[in-house]
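The values are calculated or read from the model by the stated rules, or taken from the named source; none is laboratory data. The structure displayed is predicted, hence computed values, not measured ones. In this analysis, Cβ positions are derived from the backbone assuming ideal geometry, glycine residues included, and neighbour counts consider all displayed protein chains. What goes into the accessible areas is simple: the full protein's heavy atoms, side chains included, and nothing from ligands, DNA or RNA. Shrake-Rupley method; radii C 1.70, N 1.55, O 1.52, S 1.80 Å.
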Amino acid sequence: MSLSQILLDLFEKALTKAFDQSHPLEITPSTQERFGHYQCNSAMKLTKILQQNPREIATKLIDSVSSLPEAASIIESLEIAGPGFINITLKSSFLSEKLGKALKDKHLGVELPKKKQTICIDFSSPNVAKQLHVAHLRSTIIGDSLSRLFEFLGHKVIRLNHIGDWGTPFGMLIAYLKKEHPEVLEDPSKATLDDLQSWYKAARTCFENEEAFKKKTHKELVALQAKEPSAMHAWNVVCSISRSAFQEIYRLLDVTIIERGESFYDPMLPGTIKELENQGLVKISDGAKCIFLEGFEGREGEPLPLIIQKSDGGYNYASTDLAAMRHRAQEEKADRIIVVVDNGQALHLNMVAKASEKAGFLGNTQFDHVGFGLVLGEDGKKIKTRSGEPIKLIDLIHTAVERAEVAIRKRENDLSEKEIEDLSCVLGIDAIKYADLSGHRQRDYTFSFDRMLQFEGNTAAFLLYSYVRTLSIQRKVNKEITLTEIDLEHPSEIALALHLLRFDTVIYEMAGDLLPHRLADYLFETAEKFNAFFRDCRVQGAAEENSRLMVCKMCERTLETGLNILGLHTVEKM
């Protein structure tokens with residue numbers, strides 16, 4: 001159990017013993033270390049229930065806790081502060097024992113859930129024939145970190161890339177390729193994703209201005225929907241060129257993801273719409289098939305429709321998303337569906353989720369929309385190139401690696417050229433990821449290479465440097481760590497140990513609210529506390545050498561595990 005849960009059990013047992021009643025209590029980490037390790041602030045809330053003064057309640061609680069035999073080995077002191085706050089200090093021997101057990105545990109003392117879940121996480125989701133740009137950055141990084149979190153906890157995670165790979169745009173592009181660049185359909189290596197994106201823009205211009213091209217587009221779209229060989233070949237060429245470019249980015253970011261685009265769900269659309277109609281959920285509005293959901297209204301207060309099939313019989317995002325919900329819940333048997341997409345999609349996704357729930361598609365499956373804000377330039381506006389175009393993600397990554405190399409070369413180091421090259425790649429990509437994940441995902445954040453590559457403050461570089469320092473200490477001592485008893489005495493090592501033992505709490509907090517910055521904040525504080533320990537507690541040659549080496553090892557493993565969950569790589573030298 002976590003430290004707070006151990007204390008909560010003690011205090012609830014003591015409350016029942018003292019007042020012959022049971023009530024929920026709250027135990028939280030102390031806001032300031034000088035007040036102890038934890039606080040119980042429940043005495044004030046119990047005043048009306050127990051009809052007693054809060055300090056009297058606190059006094060009786062302390063007496064009752066102190067009388068419990070198991071408390072003697074856990075609690076060093078209990079003190080009342082203010083109107084009835086109870087400050088709790090744990091015994092260093094108890095923390096030493098817990099830390100030793102956590103160090104020997106593969107999951108660092110994090111108790112894995114007994115019931116494993118199947119969790120579908122939908123993230124990244126670029127459009128075929130278009131470059132991933134900076135707007136895809138957040139979805140990809142956040143989705144990957146959540147996937148890693150639930151995999152760490154032992155759940156079955158299905159990482160889904162719901163790409164845009166079907167519909168009218170492909171009729172246009174195929175028609176254009178057949179007309180202007182038939183050689184690409186014979187040899188896909190003659191085109192890049194940049195070419196496809198350029199040709200798509202040209203195809204749209206033709207579609208809007210040439211009636212003959214519009215008819216040709218419609219013909220190709222019909223052929224594609226009918227899965228005719230010529231159309232499918234052209235479609236596969238477009239997808240393969242796009243997929244190759246996407247995979248280069250996913251490889252650099254170390255992201256694993258299963259491609260499952262709109263084309264996958266296309267055969268399911270008629271059946272999904274039919275089932276919704278059979279349940280009486282569909283109404284015709286201006287020729288379109290719609291679902292009207294309670295609580296969703298337009299600006300004028302009029303009912304807001306979720307259009308699931310257009311008046312011309314065509315399908316749309318809502319059709320596909322409903323089919324995806326149904327498939328993930330009923331066929332994939334998902335216990336939880338998480339969709340990582342920007343805040344601008346919140347209304348659409350909430351309506352799709354509500355319709356899926358009403359139709360019985362979800363059953364007991366939990367749905368979460370993980371929304372996020374914008375990536376801003378240093379001018380406070382959406383980040384773009386000087387020409388006003390979205391910044392390509394591949395360019396952003398390469399620039400980060402180049403800037404990281406410059407920052408590394410400015411510092412004194414004894415690294416070889418190969419080590420500088422490898423470190424630049426890790427630091428550049430880690431810096432991008434950490435700058436994103438260390439802020440609250442719901443908020444916009446300002447992208448700054450200068451800030452994210454600093455070696456001081458809450459940055460990837462600072463965390464990596466702290467991690468390398470844990471390894472450096474162990475290398476200098478140059479002996480195998482004996483996993484014996486840990487003996488915590490100095491306030492700095494006690495503070496670090498206490499913090500390391502809260503790793504399980506932050507992991508479960510992140511699993512609950514899906515906010516990666518909780519783990520980022522924890523790791524930053526871990527690095528700060530380790531640096532205080534390094535400053536105050538000599539390791540090599542000290543009487544406590546082996547014990548303190550174990551603390552270093554636990555800190556190393558915690559930083560490495562936490563960074564890995566966030567999708568960051570570690571290095572051995574900086």
TODO: Take the alpha carbon atoms of region 1-32, find their center, do the same for region 255-332, and report the distance between the two centers in whole angstrom.
DONE: 48 Å
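With +1 assigned to the C-beta of every Lys and Arg and -1 to the C-beta of every Asp and Glu, and no other charges, what is the dipole magnitude of the chain about the Cα centre in debye, to the nearest 20? Could the numbers behind the result be given before it?
Details: 71 positive and 82 negative charges, 98 e Å.
Here the size comes out at about 460 debye.
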- [ ] Consider the candidate values (1) 234; (2) 181; (3) 207; state which one is volume of the Cα convex hull per residue in Å³ computed from the structure displayed.
- [x] (3)
- [ ] Search the structure for amide H atoms under 5 Å from the amide H of ILE391, placed 1.01 Å from N in the peptide plane, and list their residues when 5 or more places away or on another chain.
- [x] VAL134, THR385
Open item on the list: To test your reading of the geometry: what angle, between 0 and 90 degrees and rounded to tens, separates the Cα axis of helix 3-19 from the longest principal axis of the chain?
Closed with: 60 degrees
Task: Per-residue SASA entry for PHE123, accessible area with 1.4 Å probe, Å² rounded to 10 - done: 0 Å²
Task: Under the Karplus curve 6.51 cos²θ - 1.76 cosθ + 1.60, θ = phi - 60°, whole-Hz ³J(HN,Hα) for region 364-379, x wherever Gly or Pro sits - done: 9, 6, 7, 10, 10, 9, 9, x, 7, x, 8, 9, 9, x, 6, 8
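Rounded if a/c is under 1.5, else prolate if a/b beats b/c, else oblate: with a ≥ b ≥ c from the C-alpha gyration tensor eigenvalues square-rooted, which is region 413-553?
Values: a/c = 2.46, a/b = 1.34, b/c = 1.84.
Oblate is the answer for region 413-553, as a/c is 1.5 or above yet b/c matches or exceeds a/b.
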Task: Spacing of the two label points (7 Å from each Cα toward its C-beta) at THR16 and ARG538, in nm - done: 5.1 nm
Task: Subset of LYS392/LYS573; LYS13/LYS101; LYS274/LYS354 violating a 20 Å alpha-carbon distance limit - done: LYS392/LYS573; LYS13/LYS101
Task: Most to least accessible of SER22, SER240 (protein chains only, probe 1.4 Å) - done: SER22, SER240
Open item on the list: Give the aspartates and glutamates reachable from LYS358 as a straight Cα distance under 19 Å; neighbours fewer than 8 places away on the same chain don't count.
Closed with: GLU275, GLU277, GLU294, GLU297, ASP321, GLU331, ASP335, ASP368
Open item on the list: Could you report the accessible area of VAL222 in Å², rounded to 10, computed with a 1.4 Å probe on the protein chains as they sit in the structure?
Closed with: 70 Å²
- [ ] Pull up the DSSP beta bridges for region 48-161 and report the antiparallel fraction as a percent, rounded to 5.
- [x] 55 percent
Open item on the list: Students often check this: by mean Cβ neighbours within 10 Å, which of 423-430, 310-317 ranks highest, and how do the rest follow?
Closed with: 423-430, 310-317
Task: Under 17 Å from LYS116, Cα to Cα: lysines that are on another chain or at least 8 residues apart - done: LYS156, LYS333
Task: Nearest-ten-degree value, helix 134-152 long axis tilted from longest Cα axis of the chain - done: 50 degrees
TODO: Order PHE213, PHE35, most accessible first, counting only protein heavy atoms with a 1.4 angstrom probe.
DONE: PHE35, PHE213
Task: Alpha-carbon centroid distance for the pair region 126-140 / region 207-238, whole angstrom - done: 24 Å
Task: Prolate/oblate/rounded label for region 166-228 (Cα gyration tensor, a/c 1.5) - done: oblate
TODO: Please list the non-local residues whose amide H lies under 5 Å from the amide H of GLU76, H modeled 1.01 Å from N, same-chain partners needing a gap of 5 or more.
DONE: THR89, LEU90, LYS91
Task: Cross-link reach list, lysines versus LYS190, counting only Cα pairs under 20 Å and skipping chain neighbours closer than eight places - done: LYS130, LYS178, LYS179, LYS201
TODO: Report, to the nearest 10°, how far helix 517-536 tilts away from the longest principal axis of the Cα atoms in the chain, using its own Cα long axis and a range of 0 to 90°.
DONE: 40 degrees
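Sum up the charges of everything whose Cβ sits under 14 Å from the Cβ of LYS115, counting Lys and Arg as +1 and Asp and Glu as -1, but leave LYS115 out. Don't skip to the end; give the middle numbers.
On the way: positive: LYS114, LYS116, LYS156, LYS333, ARG336; negative: GLU111, ASP335.
Around LYS115, the charge tally is +3.
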- [ ] Provide the percentage of antiparallel DSSP beta bridges, counting only those with both residues in the chain; round to the nearest 5.
- [x] 55 percent
TODO: Just the number, please: carbon plus sulfur as a percent of the accessible area of the chain, 1.4 Å probe, no ligands or DNA/RNA counted.
DONE: 48 percent
Open item on the list: For a quick check: with amide H placed at 1.01 Å from N, whose amide H comes under 5 Å from PHE367's, ignoring anything fewer than 5 positions away on the same chain?
Closed with: ILE337
Task: Extended-chain gain in nm, criterion 0.36 nm per residue less alpha-carbon gap, ASN209 and GLU528 - done: 108.7 nm
Task: Helix-derived mean residue ellipticity, 222 nm - over the chain, DSSP H n ≥ 4, -39500 (n - 2.57), to 500 - done: -17000 deg cm²/dmol
